[in-house]
1. Could you sort Thr24, Thr76 by their accessible area in this structure, using a 1.4 Å probe and putting the largest first?
2. For a test of the definition: using alpha carbon positions, the gyration tensor, and the 1.5 limit on a/c, classify the chain as rounded, prolate or oblate.
3. Using the heavy atoms of the protein chains alone and a 1.4 angstrom probe, what is the accessible area of the chain per residue in square angstrom?
4. By how many degrees, between 0 and 90 and to the nearest 10, does the Cα long axis of helix 133-142 differ from the longest principal axis of the chain?
5. Once the whole set of protein chains is in place, how much accessible area is left on Phe79, using a 1.4 Å probe, in Å² to the nearest 10?
6. How much of the accessible area of the chain, probe 1.4 Å, is carbon plus sulfur, in whole percent?
7. Where does helix 284-297 land angle-wise versus the long Cα axis of the chain, in degrees 0 to 90, nearest 10?
8. Once the Cα atoms of helix 256-267 and of the chain are each reduced to a long axis, what angle between those two axes, in degrees from 0 to 90 to the nearest 10, is obtained?
Amino acid sequence: MHYRAYNLVIESPLPLAPLSADETGGTPDIVIRQASVATDGLPVARNRRAFAHVGENAVWLDVKGVARFLIERGETITFEPYAGADDDSLRLYLLGSGLGALLHQRGHLVLHANAVQVGDGAVLFAGVSGAGKSTTAAVFHQQGYRVIADDVTAVDGEGRALGGSPHLKLWEDALDQLKIGKDGLAPIRCQVRKFSFPLVPVISAPLPIRAVYFLAARNEHEEHQFEFHPLEGIAKFNQLKANTYRRNFLEGLGLKPRHLQLCSRMAQNIVAARIVRPSREFNAVQLVERVLEHLRQKGLDTSPGHE
């Protein structure tokens with residue numbers, strides 16, 4: 001089966017819904033295959049941890065109870081499941097750490113961020129898991145904007161966001177806040193109250209990134225208001241570095257110099273701000289209103305930007 005994401009055609013024996021199906025019949029850019037993967041990692045690795053080895057052209061991952069993965073040269077992902085591993089867990093790691101490592105290998109800047117089309121460009125929401133990225137993107141979706149990447153956003157050398165997975169991973173409380181029913185939504189993994197909310201598949205051309213908002217949750221004992229901190233200069237650069245997806249892979253891959261160059265180039269061309277949100281009673285609609293107001297103040301188009 002062939003799928004399309006991040007401007008790449010991906011061949012996989014495992015169904016990769018919610019990726020968009022590709023029916024062009026062309027040669028795949030990426031091949032995912034199920035086969036044996038070494039139990040003892042890479043023979044030569046620049047960065048060696050208990051369950052992750054990273055070398056110049058390969059990343060080996062051992063996710064206990066799920067699978068061992070070998071990601072090579074930005075072209076292949078080989079996985080060997082553990083006995084009893086479920087397909088949902090395999091998909092979660094293939095489309096997360098596996099594809100994230102591969103996008104690094106292909107020379108992209110890979111951010112832990114969601115991306116939304118606003119006007120003729122992309123606006124990103126970056127942050128750690130639980131910061132509110134997907135909830136914020138879901139509000140944009142409800143207001144007619146198009147979500148072009150969830151959780152992992154790849155940025156090419158020209159500073160453009162590449163369209164990723166057409167779905168959102170939303171916790172149960174976010175679904176309740178946004179009045180989205182759980183009926184028919186599949187959990188992203190067994191025993192996890194986080195659900196896959198599918199979006200209309202759209203093959204999006206790379207979009208220039210206009211702005212990045214870095215989200216963080218305030219300590220739950222502090223006041224229930226937003227803090228909005230515009231960023232300039234080195235502060236933007238530092239936040240891009242800090243919010244790079246699986247940045248611990250970079251040194252082993254020999255990509256730190258390129259990564260710094262990509263962060264520097266991107267920082268020069270974006271509007272950016274850090275938003276600290278309440279940890280409780282998080283009003284995502286209010287956050288989106290504040291972001292759109294900030295974009296308008298910067299003279300940027302805030303229309304949905306598509307038919």
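1. Thr24, Thr76
2. prolate
3. Values: 14010 Å² over 307 residues.
So the chain comes to 46 Å² accessible per residue, rounded to a whole number.
4. 60 degrees
5. 0 Å²
6. On the way: 6640 of 14010 Å².
Percent of accessible area from carbon and sulfur atoms in the chain: 47.
7. Between helix and principal axis, roughly 70 degrees.
8. Tilt relative to the chain: about 20 degrees.
The values are calculated or read from the model by the stated rules, or taken from the named source; none is laboratory data. Since the model is a prediction, treat every value here as computed from it, not as a measurement. Counting neighbours? That spans all protein chains shown, and the Cβs are built from the backbone with ideal geometry, glycine included. Surface accessibility is based on the protein's heavy atoms, side chains included, excluding ligands, DNA and RNA. Shrake-Rupley method; radii C 1.70, N 1.55, O 1.52, S 1.80 Å.
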